Amino acid sequence: MPYDPHGLDDDDDRGAKGDGDGQQRRFSDFDCPDCAANNPYDDKFGDGDEVRCYYCGQLFRAQVSDGGKLRLKEV
Ligand SMILES: [Zn+2]
């Protein structure tokens, strides 16, 4: 079996693996960008939803990328 020096670089495209749903992904919690508190969200939220930090009261709008990655923007 020949040694393949590029074998370890194969997984460049797999950053989103396991996320599955991409932009349709739903989240059950988030870490507040302002105060770093973890906020569990029983109702689940996704792209375009607004979520409020229970600790500092800041409101954020969720933006989910095609790869299923969550970003929060202050409203
Ligand atoms: Zn907060």
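Points to keep in mind about this one:
So that you can scan it fast, the table gives a plain yes or no per residue for (1) out of contact with any Phe, Trp or Tyr (no Cβ under 8 Å at 6 or more places or on another chain); (2) modelled with pLDDT of 95 or more; (3) within 16 Å of the ligand (Cβ to nearest atom):
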residue	(1), (2), (3)
8	yes, no, no
31	yes, yes, yes
37	no, yes, yes
43	yes, no, no
47	yes, yes, no
54	yes, yes, yes
58	yes, yes, yes
69	yes, yes, no
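- When segment 29-45 is filtered for residues that are touching a residue at least 12 places away in the same chain (Cβ under 8 Å), assigned to a strand (DSSP E or B) and either surrounded by 11 or more Cβ atoms within 10 Å (Cβ to Cβ) or charged (D, E, K, R) (or both), the ones remaining, listed by number, are 29, 30, 39, 41, 42, 44, 45.
- Residues satisfying the stated conditions in segment 49-71, i.e. over 17 Å from residue 38 (Cβ atoms), in a loop (DSSP other than H, G, I, E, B) and open to solvent by less than 40 Å² (accessible area, probe 1.4 Å): 67, 68
- Number of the condition not met by residue 2 [criteria: (1) modelled with pLDDT of 95 or more; (2) open to solvent by 40 Å² or more (accessible area, probe 1.4 Å)]: (1)
The values are calculated or read from the model by the stated rules, or taken from the named source; none is laboratory data. The structure displayed is predicted, hence computed values, not measured ones. Every residue, glycine among them, receives a Cβ derived from its backbone with ideal geometry; neighbour counts consider all protein chains shown. Calculation scope for accessible area: heavy atoms of the full protein, side chains included, ligands and nucleic acids excluded. Shrake-Rupley method; radii C 1.70, N 1.55, O 1.52, S 1.80 Å.
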